[in-house]
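The values are calculated or read from the model by the stated rules, or taken from the named source; none is laboratory data. Note that the coordinates shown come from a computational prediction; the quantities given were computed from them, not determined experimentally. For neighbour counting, all protein chains shown are included, and Cβ atoms are generated from backbone atoms with ideal geometry for every residue, glycine included.
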Amino acid sequence: MARRDTHIDWLMIVLYLFIVFFGWMNVYAASQMESNGEFFSLSTSYGRQLLWIGISLAAAFGIMFFNSYFFSAFAYPIYGLALLFLGGVLIVGQAVAGSKSWFVITESLKFQPSEFGKFATALVMAKFMGEKSFSFGGPGSTLFHFFDLPVKLSREGFFALALFFVPAALILLENDTGSTIAFAALFLVFYREGFTGLVLVYALLAVVLLISTVLVDKFIIIAVVLGIAALLALLLRRSRGLMALAILSGVVFSGYVYGTDYLINNVLQKHQRDRILVLVGKVKDPKGVEYNVNQSKIAIGSGGLVGKGYLEGTQTRYRFVPKQYTDFIFSAVGEEWGFLGASLLILAYIGLLSRIVLNAERQKSRFSRIYGYGVASILFAHITINIGMCIGLVPTIGIPLPMFSYGGSSLFSFTILIFTFIKLDSKRSAILS
Amino acid sequence: MNESENKKWIFIGMFAFVGIAFLAKLSVLQIFDPTYKQIANANAIRKLTQYPARGYILDRNGEVLVYNEVSYDLMVVPAELGAPLDTMALCGLADIDIADFRKNLQNIQDQVKARKLGKSTPSPVVKQMSKLEVATLEERMYEFPAFFLQPRILRRYPKPIAANILGYISEVDDKKLKEDPYYRPGDYIGNTGIEKSYEEVLRGKKGVKNIFVDNKGNPHGSYMNGQYDTASVAGQNLTSTLDILIQEYGEKLMAHKKGAIVAIEPESGEILAMVTAPSYDPNLLVGRGIRKNYGKLVMDHNLPLFNRAIMDGYPPGSTFKLLNAAIGLQLGVLTPATRYPCGGGFRVGGHVVGCHSHPGPPDLLFSIQTSCNSYYCAAFRDIVNHGRNTEEGYITWRKYITAFGLGTNFPDSDIPNVKSGLVPQTTFYDKWYGRGKWKPTTIISLGIGQGELKVNALQLANMTAALANGGWWITPHLGKKVDNESIRLFKRNETGINPEYIGIVKEGMQRVMTGGTGRGAQIPGVTSGGKTGTAQNPHGEDHSVFVCFAPADKPKIAVAVLVENAGFGATWAGPIASLMIEKYLFREVKRPDLEKRIMEGVLIKPDPASPTIKPSQL
């Protein structure tokens, strides 16, 4: 590590450390009933988590001594290894809670290849798209014309998408909604690198429409969708292509809305369907389907403005929130630290995400920039889904809160993910590629 | 800054949007909606009821009639029923009926499934096992983690007596739960007898302890250092008026007989003994055996669960003549010198009320002494005719009769469920014969205590106490003291008869004992007054009745004895009353032969399947 050209962004490290240690405090609060008197016993969850924090910090420190070209140079081998793991887990992995997404080494040592897959795919996307010549739609990349609109996708653009979709398909086969969505967030990186934002708009629309069909009669929705499409077509009448696109979109989304019954009843699995129904309030079953979310909301709601005080939360201390120290850890924050503590944590996360994006944009290296966006996208998906689930804004999806939830392999993966970027960022002035 | 670089603001905008959405939702959950705080408390704080010890019941001399023993309920926490349960082993350790156990456990699990019962709420599977029964199980409870033993209070009776008078406690029923918010399902409440009438004194006051519980319902220390807890207050001890010595003695005398004895201290109205026979061991209606034993007792054709001392009763027979004599004197219809002819009977139309042979015609004292039927038929006729008309005359007569407590259920007494019996109103006869169409001679049997009259042993004993007092009585009762505080709730009642006239009747009663029908019931060493009676029984052998008080000059005890199907009053009821008084006044009985004859006399056919008391058990 040559000091001369190293500029470590301490703000990212401070935010990381704050989240990790605040997280550990809350894991301790949520699992203190396991205590057998020995504070640092590995038989307790918080004891093991502390060990993992040590391991992760050591790894983070180690990464800072790596040659920053390592990641760029080894992106493809790492990606290949990840594909091997993702394929392997489908064959030899053990099902945990219905998802075949874990290599179980021992009871307390499990490895989820999708964590590694996200890191590897972020790297390989950065590597591939980091080539100076890369563009989704360069000259000669026009595939066909949609009326007056050229539809462009370059060869390298196609390969870039393939690098994303191959691991995505493998993760989808694991039948783990959380991992799939977290991985899918990497698609945001394509948008930053010039892929059309229409895809994201359409994906968002699909989710919004799916949830609204549960709430409103679907013929009303179809009428609204067609109305908006007609209005857009009218406004965009100067381009026949845009007009046609608006009309086509309207028709396709109407069909989608009409078919949501089929989607909800046949494509979604029962627990996924139930979770959506609970979210929109169509199912009231506080002791059944709704139980986890309800208990989480009760714990958070009872925290009030300033919280009940550290280790004073009755819901946390007496384990009323199932899976609290893993997926529902945010409820411990809400109860014991109140609105102020929960807001502080949210601000820390938003601050870290924004800092990563801003830092990414100042990279001279395209590789570093694209990788930074990959990191931010993955974290963003995790944070949105996890906290959203804990406060009842998002259906229940099992996914950890980054660096905060109990779980060694998750903490370790996020540490590698983030510190790789911190390392790359620290060399921003040295790397010219 | 190119177009791509501007996209960072779209990303940061997304982050900010999500952050703001979270803060908005959090502010609703944590600041604006108060319901979550209440639900959180309901989750984590459990109110534990602290059950106070129930008060003891003592006899008038402080001897224990009812005390408490710890019993155990085997509780189950359905949420913790995980691994296969070794039902055989569990039941074997405490001698639990396996079929019952399976049925109860299934029932609890069904309720949990139907969400009527919390998964973590402990529920009783087997109730009220004694310390002895759970001794082996207790040591091995750790083998059955879903179960625990909950101590509760069990009533115990050192002597198997006074079952119907003391009453029993049982789980409170739905009706009471609705009426009285003090009770919660599963609480115990006094069901009959003293347990019922002194429920509020004996039960004490429940306390509440607020504790933290976890998601499985395990306790974790007190809430706010017990700031909101209330301590339970132990029930107060009740000293009853019963004298355990004669209560037990009376039950022995009444063994193998049907009937009742009531003994009252005249000057206080305190009931010294209330015996109903046949009876049962009160320890039978306690704990696990209650259902089985209750069933057997209910089926017994001799009705051991029935308190014969306070039931609707029988005609009082000749004991009633005492009141007619007193009323006649009070109204001026009779004087001590009044004589009525007796030619072996009293003629009404073609009908004759027979009389036994005695020298005649008798005067008032001699009429009591010999129990002359003709005399009291004539006297009753004249008493009723003393009014301006039959109706008015009858009403006046009835007023005096009820002033002695007959035909009333002593509403201010502490004895629950006393029946009024029957001293007919005029409307009764109006309905029967038509208004104005009945005359004293129509209802002449009232003169000698027969006919429609119905009285019970309590009323007869009270009547005797009123005579012994010289014309007044205190409402008969069973409660004497609550802890050390005397109960002074019971009022003095006047009969309206001049004490002088009562004195004449008492004189007659003494003659009954010295030279009349009660000679066989004389008590050695003390003068007494009494009267025999025989209640006509259309269904079989007549009932034997005897009333008595002693000592004659300063009465300490008044007794009424009623023995069913025992014939003439002097044969069974008289000696029983006599022995009771002797036992009470002298604390011992010096007539072993008489005692033996009475105790061994069998006048009923016992039910072999019923757990009623054999004399040897007393």
Can you confirm whether the stretch B:337-355 contains a residue that is within 21 Å of B:THR534 (Cα to Cα), of a type in the set (Phe, Trp, Tyr) and touching a residue at least 60 places away in the same chain (Cβ under 8 Å)? yes
Identify, please: which residue in the stretch A:309-319 is surrounded by fewer than 24 Cβ atoms within 10 Å (Cβ to Cβ) and within 9 Å of chain B (Cβ to nearest Cβ) and is, among those, nearest to A:ASN26 (Cα to Cα)? A:ARG317
Find the helices (runs of 4 or more DSSP H) located wholly in the stretch B:266-373 whose residues include 1 or more that are under 24 Å from B:ASN417 (Cα atoms), and list them. B:290-299
Can you spot a residue in the stretch B:75-85 that is more than 9 Å from chain A (Cβ to nearest Cβ), at pLDDT 90 or above and in contact with a Lys or Arg (Cβ under 9 Å, 6 or more places away or on another chain)? no
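Out of A:THR180, A:THR196, A:THR213, which single residue is within 14 Å of chain B (Cβ to nearest Cβ) and polar (S, T, N, Q)? If you could, list the steps in order and put the result at the bottom.
On the way: A:THR180 fails: within 14 Å of chain B (Cβ to nearest Cβ); A:THR213 fails: within 14 Å of chain B (Cβ to nearest Cβ).
Answer to the selection: A:THR196.
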Of B:LYS431, B:LYS437, the only residue that is over 28 Å from the mean Cα position of the chain (by Cα) and farther than 21 Å from B:ARG388 by Cβ is B:LYS431
Across the stretch B:47-65, what is the number of residues that are surrounded by 18 or more Cβ atoms within 10 Å (Cβ to Cβ) and either among the basic types (Lys, Arg) or within 14 Å of another protein chain (Cβ to nearest Cβ) (or both)? 2
Pairs needed: first member in the stretch A:303-322, closer than 18 Å to A:SER405 by Cβ; second member anywhere, modelled with pLDDT under 90 and among the charged types (D, E, K, R); C-beta distance under 6 Å; at least 6 residues apart or different chains. A:ARG319/B:ASP214
So, A:TYR373, is that one touching a residue at least 24 places away in the same chain (Cβ under 8 Å), away from chain B (no Cβ under 12 Å) and aromatic (Phe, Trp, Tyr) or not? no
Taking the criterion of being more than 9 Å from chain B (Cβ to nearest Cβ) and within 14 Å of A:SER331 (Cα to Cα), would at least one residue in the stretch A:347-366 satisfy it? no
If B:ASN68 meets every condition in (1) surrounded by fewer than 19 Cβ atoms within 10 Å (Cβ to Cβ); (2) among the polar types (S, T, N, Q); (3) away from chain A (no Cβ under 14 Å); (4) over 20 Å from the mean Cα position of the chain (by Cα) apart from one, which number is that one? (4)
What pairs can you find where one residue is in the stretch B:490-504 and in contact (Cβ under 8 Å) with a residue 40 or more places away in the chain and closer than 12 Å to B:ALA466 by Cα, the other is basic (Lys, Arg) and exposed (fewer than 14 other Cβ atoms within 10 Å of the Cβ), and their Cβ atoms are less than 9 Å apart, with a gap of 6+ or different chains? B:GLY496/B:LYS399
Exactly one condition in (1) of a type in the set (S, T, N, Q); (2) in a loop (DSSP other than H, G, I, E, B); (3) farther than 25 Å from B:PRO476 by Cα is false for B:THR527; which is it? (3)
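Please note which helices (runs of 4 or more DSSP H) are completely contained in the stretch B:112-205 and include at least 1 residues that are loosely packed, with under 12 Cβ neighbours inside 10 Å.
B:131-139, B:174-179
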Output the number of the condition that B:THR464 fails; it satisfies all remaining conditions of (1) farther than 23 Å from B:THR276 by Cβ; (2) crowded, with 17+ Cβ neighbours inside 10 Å; (3) of a type outside the set (Phe, Trp, Tyr). (1)
Against the definition (within 28 Å of A:PHE116 (Cβ to Cβ), surrounded by fewer than 16 Cβ atoms within 10 Å (Cβ to Cβ) and either within 13 Å of another protein chain (Cβ to nearest Cβ) or not acidic (Asp, Glu) (or both)), how does A:ALA230 come out, yes or no? no
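Condition check ((1) within 14 Å of chain B (Cβ to nearest Cβ); (2) of a type in the set (A, V, I, L, M); (3) surrounded by fewer than 15 Cβ atoms within 10 Å (Cβ to Cβ)) across all residues:
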{"position": "A:ARG237", "(1), (2), (3)": "no, no, yes"}
{"position": "A:VAL252", "(1), (2), (3)": "no, yes, yes"}
{"position": "A:TYR256", "(1), (2), (3)": "no, no, no"}
{"position": "A:VAL267", "(1), (2), (3)": "no, yes, yes"}
{"position": "A:LYS323", "(1), (2), (3)": "yes, no, no"}
Only residues that are in contact (Cβ under 8 Å) with a residue 12 or more places away in the chain and within 18 Å of A:VAL201 (Cβ to Cβ): list them for the stretch A:244-271, please. A:ALA244, A:LEU245, A:ALA246, A:ILE247, A:SER249, A:GLY250, A:VAL251, A:PHE253, A:SER254, A:TYR256, A:VAL257
Taking B:MET513 and the conditions (1) buried (at least 22 other Cβ atoms within 10 Å of the Cβ); (2) among the hydrophobic types (A, V, I, L, M, F, W, C); (3) part of a helix (DSSP H, G or I); (4) in contact (Cβ under 8 Å) with a residue 60 or more places away in the chain, which numbered condition does it fall short on, given that it satisfies the others? (4)
Taking the stretch B:285-328 and keeping residues of a type in the set (Phe, Trp, Tyr) and either over 23 Å from the mean Cα position of the chain (by Cα) or within 30 Å of B:ALA379 (Cα to Cα) (or both) leaves B:TYR314, B:PHE320
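Name the residues in the stretch B:27-46 that are facing chain A (nearest Cβ under 8 Å) and either buried (at least 16 other Cβ atoms within 10 Å of the Cβ) or closer than 17 Å to A:PHE320 by Cβ (or both), would you?
B:LEU29, B:GLN30, B:THR35, B:TYR36, B:LYS37, B:ILE39, B:ALA40, B:ASN41, B:ASN43, B:ALA44, B:ILE45
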Could you grab me the full set of residues in the stretch B:171-225 that are at pLDDT below 85 and more than 14 Å from chain A (Cβ to nearest Cβ)? B:GLU171, B:ARG184, B:PRO185, B:GLY186, B:ASP187
Condition broken by A:MET389, with the remaining ones in (1) crowded, with 24+ Cβ neighbours inside 10 Å; (2) without any contact (Cβ under 8 Å) to a residue 40 or more places away in the chain satisfied: (2)
